[in-house]
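All remarks here apply to the structure that follows.
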Amino acid sequence: MTSTPAGWYDDGHGAARWWDGAQWTEHTQAAAVAQPAAVAQPAAPNQPGPNSQPAAVATTSAPFSGTAAALPPVAPAKRGWLIPVILGGSFLLLVLLAVIFVPVLVKTMATGGYAGDELEAVEVVEAYDDAWQSGDCDGFEATTTENLRAETSLEDCATFEEASAGFQESTDAYELEVVDVTSESGVITVRTDETYTSYLDEDDNPVPGYDALSTVDYTLVESDGEWLIDSASYLEE
């Protein structure tokens, strides 16, 4: 048995590929279009004559000697296209996950890691603070229960707006920071540190501005599916 000699052969995938005598190489070229075999013309009969000779019989020699060698095995098909497809799919998946989870992560980090009802309670306290600093009666009523408004004697918008104006005149650079949130028995407590410049002393007398800090516990209860501030307690400094 003889091996297939080196040469260009059909690799089984529509191209001519170089066989080095032992294995397929990476070198390819367009497969040659097969030409129809020439039809052998019958030999003319011998004509009598002084120099006539018997007609020679045409023969075709094999490309190599010995038993005809088998063609090389079909070259394995390349699967290089799989890598870009897999990488492209992975990239699209990462983009999709980023679109879904990054905004949620950013919001969670921005609110101190609170979520669900506790996050809603924090947002209610922040809206309540904004209402006081802007005199927004609708915002005040939307974040408080009737019980709180009754306890603070702020049961109508005129009274609240007057109290808010006094608050804004007596303070400056007011900032609220949520420092703790606890949930127990259907009640959420949001504790805040509130820093500001105050122009009133403990007896509400005008004084030069000084830095002040108040720690407040806001107690929120659920009412008609919403969390509302039911009381606010100032802690001893």
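Any idea which residue in segment 204-229 is surrounded by the fewest Cβ atoms within 10 Å (Cβ to Cβ), counting only those that are among the aromatic types (Phe, Trp, Tyr) and under 44 Å from the mean Cα position of the chain (by Cα)? Please lay out each step first, then the result.
Start the filter on segment 204-229 by keeping residues that are among the aromatic types (Phe, Trp, Tyr), which leaves 210, 218, 227.
Filter again for under 44 Å from the mean Cα position of the chain (by Cα), leaving 218, 227.
Numbers: Tyr218: 25, Trp227: 22.
The qualifying residue surrounded by the fewest Cβ atoms within 10 Å (Cβ to Cβ) is Trp227.
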Under 8 Å by Cβ, and 6 or more places apart or on different chains, what pairs join a residue from segment 142-155 that is in contact (Cβ under 8 Å) with a residue 60 or more places away in the chain and among the polar types (S, T, N, Q) with one that is outside any helix (DSSP H, G or I) and exposed (fewer than 13 other Cβ atoms within 10 Å of the Cβ)?
-> Thr145/Ser223
Going through segment 116-145 in order, the residues found to be farther than 16 Å from Gly225 by Cα and loosely packed, with under 13 Cβ neighbours inside 10 Å are Ser134, Asp138
What number of residues in segment 157-193 are touching a residue at least 60 places away in the same chain (Cβ under 8 Å) and either among the small types (Gly, Ala, Ser) or closer than 23 Å to Asp136 by Cα (or both)?
-> 4
Hits in segment 144-164 (condition: farther than 12 Å from Ala131 by Cα and of a type outside the set (D, E, K, R)) = Thr145, Asn147, Leu148, Ala150, Thr152, Ser153, Leu154, Ala158, Thr159
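Could you tell me which of the residues Asp193, Asp201 is more than 39 Å from the chain's Cα centre (by Cα) and charged (D, E, K, R)?
Values: Asp193 fails: more than 39 Å from the chain's Cα centre (by Cα).
Unique residue meeting the criteria: Asp201.
Here, each number is a calculation from the coordinates, and none is a lab measurement. Bear in mind the structure is a predicted one, so any value in this text is a computation, not a measurement. Backbone-built Cβ (ideal geometry, glycine too); neighbour counts: all protein chains shown.
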